[in-house]
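What follows is a set of notes on a single structure, which appears directly below.
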Amino acid sequence: MSGLRILVGCKRVIDYAVKIRVKPDKTGVVTDGVKHSMNPFDEIAVEEAVRMKEKKIVSEIVAVSCGPTQCQEVLRTALAMGADRAIHVEVDAATYENLQPLHVAKIIAKIAQEEKVDIVVTGKQAIDDDANQTGQMVAALLNWPQATFASKIEKTDGELKVEREIDGGLETIKVKLPAVFTSDLRLNEPRYATLPNIMKAKKKPLVKKTPTDFGVDVTARQTILKVEEPAVRQAGSKLASAEELVTKLREAGLIPS
Amino acid sequence: AVNTLRVLRASPSLVIKRQFMTSISLLQSKHQLTQSSEENYDIIYGPDHQQLRDSLRKLIDKEINPYVDEWEQQQRFPAHIVFKLLGDNGFLGITRPKAYGGLELDYTYSAAVTEELGNINCGGIPMAIGVQTDMATPALAKFGSDYLKKEFLAPSISGDRVACLGVSEVGSGSDVASIQTRASRKGDDLIINGGKMWITNGTQADWMCCLANTNEGKPHVNKSLICLPMNTPGVTVAKEIKKLGMWSSDTAQIFFEDVQVPRSHIIGEEGQGFSYQMLQFQEERIFAALSALVPIEKMITETINYTKERKIFGQPILSNQVVHFTLAELTAELELLRSAAYRAVALYTKGQDVMKLASICKLKSGRLIREVSDKCLQYWGGMGFTEEVMISRSYRDYRLVSIGGGADEVMLSIICKLMNTLPGSRKQ
């Protein structure tokens, strides 16, 4: 079963350590001049793909990212970590504001078919929108099995055995290939892109495409009405007794008098 | 490619223009990777430098900074562990030959890494790393024999061996020519007697790049740089020195008593050690300036954040004009230092001798970082005087910059020498 081909989705997001600020016009968050990096869960996905290649389960890793030109930085990181090729699906900044998981899933599904990959892997969710949809949608579009929130992946003949983190604990499932999986936090610890690999990555191919190349319409299907900070938590007050609490609640009109 | 395109567009010759334009455009589209965002970077850097810095930053944030407080308390950081980690990721031999594990990139990449090290939350560890990369190894890399480079340079680049630089002595700091350590010939060996002082990494080093008197003759032509394994019998690490700052960096006093090493351990030409050391100093001085940039900026930013929150007399400290004006003035000075440092890097990368500019950079970086730490500490008030905030450590650590790596006074002497204003030695 050697020679599996794997497609990894990588999203460029605001770095997890940055303090997010809402734009004064409330149309979104400030992104100009703000540090961005690869979505941490996608880093874990890339790392898993590279480990599978080192174990000779996978023979080729293709990294893909959809968005404006700066997405190439994230692809370069994926190449430096060990991906073989990269595809940048260029979406201009304005369209990108309204790009939805369904658009991205359609693009990834198309690429998966064109590239004839056996596995598609993405992070379980992006830390900017927390959508947790793209992986699942890709599987549905391709009619492939999915193993989401993967915390351990093993290869058994013709199949993958995946341990998933679910609300009740850990669930182990067997998945026939081709399949989609999404990576959870404890799947692995991503390697650093070493300097020699960063230099080597410059020679690896990176192609630029557009959504139209894949026949995907990325017209906005929704508009953002407003973005604002969560309400500041109001100070509470200490009360002496349950009776006082009831009185205060009645006064505030929160319980019927 | 971008600049060639610009030049060609202005060129009158149409035929050549067409041919070259097509091939350059092809090049550009292939390398759109690097071309598109070049405008966003500072004058000596590009997107590749940024990628490098981001990678190092991750390593610092995960593997170094979480432990700095502990290491400062212990007054030692685990050099072998940290250097191996850096070496594994390629950060210790950026400009060094590929044949010995280096990356053979140009000096601007080394500058990027040096600058990024400023994100470590103390002065001691970047200084120790600088000894390994920019102080103990440049002469070896340039002039050492293949044997010496395999024995000492390659493992220093991989992080398997910790290096230290042995130049200063108890009696000779600024006056390098006056060192007393002797290496006398005995057949094919050298017998070294003497001692060294202020040796960074001294208690953990596997080898020392040691400057000793090897010949008769004038003090500038009678010294050699010797690769000295620290486990050679007769080498005694006598004392770990307790310092005002730079606590996580171990500093040693070392004695040599009849230490025997083969003569083949001499780097390059015998007698040329002093000149080699002077060449090494250029990189050391640019290193000092580059590694000051991030700490200065951090001190200013953190002081802004603190003084915004802290109120006195009913308003934030920052609202007082003297405070925000002072921080603005210091920021202006920082940018000037940055420009000088980047210029030194650019000229050095071009192959020019930058002794004067590098010495100016060293002088100014020591002066500015002390001024910034002192003024910022004042605005932190009582809080700044405690171990609970970074500014106190910064104040202690960065006081060294004007003393070590060439004291301010030495820098001034060098600049005067190059200006031909020193008394007695004025040439026509």
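The values are calculated or read from the model by the stated rules, or taken from the named source; none is laboratory data. Predicted model, so just to flag it, every value in this text is computed and none were measured. Every residue, glycine as well, gets a Cβ built from its backbone with ideal geometry; the counts of neighbours run over all protein chains shown.
Sub-7 Å Cβ pairs linking a first residue in the range A:9-35 that is of a type in the set (Asp, Glu) to a second residue that is part of a loop (DSSP other than H, G, I, E, B), at least 6 apart or interchain, are A:Asp15/A:Lys35, ordered by first then second residue. Consider A:Pro190 carefully, then state whether it is closer than 16 Å to A:Val120 by Cα and not small (Gly, Ala, Ser). So A:Pro190 does not fit the description; no.
Among the residues of the range A:179-202, those identified as crowded, with 16+ Cβ neighbours inside 10 Å, within 11 Å of chain B (Cβ to nearest Cβ) and assigned to a helix (DSSP H, G or I) are A:Leu195, A:Pro196, A:Asn197, A:Ile198, A:Met199, A:Ala201. Within the range B:60-83, one or more residues are among the charged types (D, E, K, R), buried (at least 20 other Cβ atoms within 10 Å of the Cβ), modelled with pLDDT of 95 or more and out of contact with any helix residue (DSSP H, G or I) (no Cβ under 6 Å at 6 or more places or on another chain).
Answer yes or no: is there a residue in the range A:154-170 that is away from every other protein chain (no Cβ under 14 Å), in contact (Cβ under 8 Å) with a residue 24 or more places away in the chain, buried (at least 21 other Cβ atoms within 10 Å of the Cβ) and on the phi > 0 side of the Ramachandran plot. No, the range A:154-170 contains no residue that is away from every other protein chain (no Cβ under 14 Å), in contact (Cβ under 8 Å) with a residue 24 or more places away in the chain, buried (at least 21 other Cβ atoms within 10 Å of the Cβ) and on the phi > 0 side of the Ramachandran plot. What about B:Ile157, is it of a type in the set (A, V, I, L, M) and in a strand (DSSP E or B)? Judged against the criteria, B:Ile157 is not a match. All conditions in (1) more than 30 Å from A:Thr223 (Cα to Cα); (2) more than 14 Å from every other protein chain (Cβ to nearest Cβ) hold for A:Ala131, with the sole exception of (1).
Okay, residues lined up against (1) modelled with pLDDT of 95 or more; (2) closer than 15 Å to A:Leu7 by Cα:
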{"residue": "A:Thr69", "(1), (2)": "no, no"}
{"residue": "A:Ala78", "(1), (2)": "yes, yes"}
{"residue": "A:Glu97", "(1), (2)": "no, no"}
{"residue": "A:Val121", "(1), (2)": "yes, yes"}
{"residue": "A:Gln133", "(1), (2)": "yes, no"}
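Looking across the range B:343-358, the residues that are out of contact with any Ser or Thr (no Cβ under 9 Å at 6 or more places or on another chain), surrounded by 21 or more Cβ atoms within 10 Å (Cβ to Cβ) and in a helix (DSSP H, G or I) come down to B:Ala344, B:Tyr348, B:Leu357, B:Ala358. Answer yes or no: is there a residue in the range B:263-285 that is at pLDDT 95 or above, crowded, with 21+ Cβ neighbours inside 10 Å and of a type in the set (D, E, K, R). No: zero hits. Kindly list the number of the only condition in (1) surrounded by 19 or more Cβ atoms within 10 Å (Cβ to Cβ); (2) part of a helix (DSSP H, G or I) that fails for B:Lys142. (1) is the only condition that B:Lys142 fails. Every condition in (1) away from chain A (no Cβ under 11 Å); (2) at pLDDT below 95; (3) assigned to a helix (DSSP H, G or I) holds for B:Asp42 except the one numbered (3). The requirement of being more than 10 Å from chain B (Cβ to nearest Cβ), assigned to a loop (DSSP other than H, G, I, E, B) and at positive phi is fulfilled somewhere in the range A:203-225, by at least one residue. Residues that are part of a strand (DSSP E or B) and within 14 Å of chain B (Cβ to nearest Cβ) within the range A:29-78 comprise A:His36, A:Ser37, A:Met38, A:Ala63, A:Ser65, A:Gly67, listed in sequence order.
The condition of being of a type in the set (Gly, Ala, Ser), at negative phi and assigned to a strand (DSSP E or B) does not hold for B:Ala205. For the range B:101-132, a residue qualifies if it is assigned to a helix (DSSP H, G or I), of a type outside the set (D, E, K, R) and out of contact with any strand residue (DSSP E or B) (no Cβ under 9 Å at 6 or more places or on another chain), and the qualifying residues are B:Tyr107, B:Thr108, B:Tyr109, B:Ser110, B:Ala111, B:Ala112, B:Val113, B:Thr114, B:Leu117, B:Ile125, B:Pro126, B:Ile129. Is it true that A:Arg250 is in contact with a Ser or Thr (Cβ under 7 Å, 6 or more places away or on another chain) and among the charged types (D, E, K, R)? Yes, satisfied. Of all residues in the range B:77-98, those satisfying the criterion of being at the interface with another protein chain (Cβ under 10 Å from one of its Cβ atoms), aliphatic (A, V, I, L, M) and in a helix (DSSP H, G or I) are B:Leu85, B:Leu86. Just one of the numbered conditions (1) surrounded by fewer than 23 Cβ atoms within 10 Å (Cβ to Cβ); (2) out of contact with any Ser or Thr (no Cβ under 6 Å at 6 or more places or on another chain); (3) in contact (Cβ under 8 Å) with a residue 60 or more places away in the chain is not true of A:Tyr96: (3).
Number of residues in the range A:60-89 that are charged (D, E, K, R), within 17 Å of the chain's Cα centre (by Cα) and farther than 13 Å from A:Asn197 by Cβ: the value is 1.
Examine the range A:123-140 for a residue that is buried (at least 16 other Cβ atoms within 10 Å of the Cβ), under 16 Å from A:Val46 (Cα atoms) and basic (Lys, Arg), and state whether such a residue exists. Within the range A:123-140, one or more residues are buried (at least 16 other Cβ atoms within 10 Å of the Cβ), under 16 Å from A:Val46 (Cα atoms) and basic (Lys, Arg).
In the set (1) within 10 Å of chain A (Cβ to nearest Cβ); (2) surrounded by fewer than 24 Cβ atoms within 10 Å (Cβ to Cβ), the condition left unmet by B:Val113 is number (2). Test B:Ala252 against the criterion of being in a helix (DSSP H, G or I), small (Gly, Ala, Ser) and either modelled with pLDDT of 95 or more or not assigned by the TED database to the domain that holds B:Gly144 (or both), and give yes or no. It is false that B:Ala252 is in a helix (DSSP H, G or I), small (Gly, Ala, Ser) and either modelled with pLDDT of 95 or more or not assigned by the TED database to the domain that holds B:Gly144 (or both). For B:Lys243, the test of being more than 21 Å from B:Ile266 (Cβ to Cβ) and over 19 Å from the mean Cα position of the chain (by Cα) is passed. Considering only residues in the range B:385-406 that are modelled with pLDDT under 95 and within 19 Å of the chain's Cα centre (by Cα), the one that is surrounded by the fewest Cβ atoms within 10 Å (Cβ to Cβ) turns out to be B:Gly404. Considering (1) closer than 23 Å to B:Lys142 by Cβ; (2) of a type in the set (Asp, Glu); (3) facing another protein chain (nearest Cβ under 9 Å), the lone condition that B:Asp106 does not fulfil carries the number (3).
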